[in-house]
Amino acid sequence: MTPAPLQATLHAMHARLPGPDGQRFAEAFRHGSMSVELYAPQGHDPQQPHLQDELYVVASGHGTFLRDQERIAFQAGDVLFVPAGMLHRFEQFSDDFQTWVIFWGPRGGEAVGQHLDYTLRPAQPHEAPQLETLLRQYGPNPWNYLPDEGVRQHFAELAAGQAEALLACTPEGEVAGFVTWLSRHPDAERRAREPHSAYIGEALVLPAHAGKGLGGALLRAVRDRLLAAGQGPLYIERHEENAASAGMMRQAGFVPLLTFDDPVRRRHGSKRTTECVYPAPDA
């Protein structure tokens, strides 16, 4: 394998900007999962969440950096970290701003729970009854809407191959958590407008495995599978006040789209639902 170049200079990389189609970034080199770019936006930063973890090493300039819901001031010499899938952008930056960008690691990032030796695999149709039992046992809480008939229908779709699920399993083969989805959005009007849209349904991590980043790792893995299959936008819903789900969705790059009164499904707190979206790659 040919090794990556030894050096990339700021002067030489800056001379390559803008690119042939006006791009404000240029790749210096890559090696394995790692790649290095120079990024120099002008006026505003239009970037979307990325599929790998990344570091920014600010080469020149200053401004404000937004990551998730945090804003900080930055200047030349600073190093900024962004986990895979997290919303971020540079704001109010100086005209001379440019930064090195280093991407590395697996799609979806090096999740907190990754070292715990869980195996992610697609569910098989015959496993639908087991997953339904787990959801009925561990899923109910004030934030979740789990009507008996709706749950039964969803897992019947899984058993019939009309829905899919990704499992996280322990080394002993026991299910530690799962995420389900529909590759065709259930709303006909949305399908007509966005024929490749998908809907993420249930997400569950069993109590013995909670707090290890497993839910986020599953959601990011499902997101990557759908995007790789050409699906998008991707939609998911939560109770407006469900902070744990909100954080997991933000870290996977899902952003709130709208919040609406939903007293039938949300019987506690604000009684409102927030719909979140991960835009299609070309959106």
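Points to keep in mind about this one:
- Annotation note: of Ala160, Ala188, Ala176, Ala192, the sole residue that is touching a Cys at 6+ places or on another chain (Cβ under 9 Å) and over 20 Å from Phe254 (Cβ atoms) is Ala176.
- First in the stretch 251-277 and without any contact (Cβ under 8 Å) to a residue 60 or more places away in the chain and more than 17 Å from Gly85 (Cα to Cα), second anywhere and part of a strand (DSSP E or B) and among the acidic types (Asp, Glu), Cβ under 8 Å, 6 or more apart: Leu258/Glu275; Thr259/Glu275; Phe260/Glu275; Lys271/Asp261; Arg272/Asp261; Thr273/Glu237; Thr274/Glu237; Glu275/Glu237
- Search result, residues across the stretch 70-94 that are in contact (Cβ under 8 Å) with a residue 40 or more places away in the chain and either outside any strand (DSSP E or B) or over 16 Å from Phe254 (Cα atoms) (or both): Pro83, Ala84, Gly85, Met86, Leu87, Phe90, Glu91, Phe93
- With respect to (1) in contact (Cβ under 8 Å) with a residue 40 or more places away in the chain; (2) in a loop (DSSP other than H, G, I, E, B); (3) aliphatic (A, V, I, L, M), the lone exception for Leu6 is condition (1).
- Every listed requirement among (1) more than 16 Å from the chain's Cα centre (by Cα); (2) under 29 Å from Lys271 (Cα atoms) is met by Glu174 save one, (2).
- Matching residues in the stretch 30-40 - criterion: being touching a strand residue (DSSP E or B) at 6+ places or on another chain (Cβ under 6 Å) and not in a loop (DSSP other than H, G, I, E, B): Met34, Ser35, Val36, Glu37, Leu38, Tyr39
- The residues of the stretch 234-251 that are touching a strand residue (DSSP E or B) at 6+ places or on another chain (Cβ under 7 Å) and crowded, with 22+ Cβ neighbours inside 10 Å, listed by number, are Leu234, Tyr235, Ile236, Arg238, His239, Met249.
- Pairs where the first residue, in the stretch 180-201, is without any contact (Cβ under 8 Å) to a residue 12 or more places away in the chain and the second is in a loop (DSSP other than H, G, I, E, B) and open to solvent by 40 Å² or more (accessible area, probe 1.4 Å), C-beta under 9 Å, 6+ apart: Arg191/Arg184; Pro195/Arg184
- Residues (in a loop (DSSP other than H, G, I, E, B) and out of contact with any helix residue (DSSP H, G or I) (no Cβ under 8 Å at 6 or more places or on another chain)) located in the stretch 187-212: Asp187, Glu194, Pro195, His196, Ala210, Gly211
- In the stretch 13-23 there is no residue matching the filter, namely being within 30 Å of Lys212 (Cβ to Cβ) and in a loop (DSSP other than H, G, I, E, B).
The values are calculated or read from the model by the stated rules, or taken from the named source; none is laboratory data. This structure is a prediction, so every number in the text was calculated from the model and none was measured. All Cβ positions, glycine included, derive from the backbone under ideal geometry; neighbour counts span all protein chains shown. What goes into the accessible areas is simple: the full protein's heavy atoms, side chains included, and nothing from ligands, DNA or RNA. Shrake-Rupley method; radii C 1.70, N 1.55, O 1.52, S 1.80 Å.
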